[in-house]
Amino acid sequence: MSAKESLQVFVDILRREQDALARGDIDALPPLIAEKTALAERLNQISATEAAQYRDLVSEASALNEANGKLIALRLQHNQQALNVLLAAANTVATYGPDGQQQSGVGSRILGKA
């Protein structure tokens, strides 16, 4: 495969990765990452002179990669926020009084103390 073909395939993989990230299709990412990694190793062997001939493809790949990185960061931020909400909810202990109404922790006794 020529350098130009390799770059075109790499750009296509980045587009598919971006599409999967935008759709939230996490299951589609591992095979794309494997393809991208294998192709990146091949692309690392291309000389700077040869890569310069395909400046447009290199620029497009760079822009797509940067955009994908931002999408990943955004997903991580959303996941962290969701995790924080879940952890906060898990740390809120609900207690109920003799009347069946939820009570705050004020005035409650810790088990094992009188």
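Only the coordinates and a few stated rules stand behind these numbers; no lab work does. Just so it is clear, the structure is predicted and the values come from calculations on it, not from any experiment. Here Cβ is always computed from backbone atoms with ideal geometry, including for glycine, and neighbour counts include all displayed protein chains.
Amide H contacts of Gln53: none lie under 5 Å away among residues 5 or more positions distant or on a separate chain (H built 1.01 Å from N in the peptide plane; Pro and chain starts excluded).
Computed per residue of the chain from DSSP H runs no shorter than four, each worth -39500 (n - 2.57), the mean residue ellipticity at 222 nm is -23500 deg cm²/dmol. About its Cα centre, region 3-92 has a charge dipole of approximately 220 debye under the convention of +1 per Lys or Arg Cβ and -1 per Asp or Glu Cβ, with nothing else charged.
Between Gln103 and Thr95, Tyr96, Gly97, the built amide H atoms are under 5 Å apart, and every one of these is 5 or more places off in sequence or on another chain. For the chain, with the dipole built from +1 on Lys and Arg beta-carbon atoms and -1 on Asp and Glu ones, taken about the Cα centre, which of Ala82, Val58, Pro98 lies farthest toward the positive end? In the chain, that residue is Pro98.
Kirkwood's formula applied to the C-alpha pairs of the chain gives a hydrodynamic radius of 18.2 angstrom. A simple rule links phi to the HN-Hα coupling: the Karplus curve 6.51 cos²θ - 1.76 cosθ + 1.60 with θ = phi - 60°, which for region 68-81 gives 5, x, 5, 4, 5, 4, 5, 4, 4, 5, 5, 4, 5, 5 Hz, with x for Gly and Pro. Our note on the geometry: Cα centres of region 1-57 and region 59-77, 13 Å apart.
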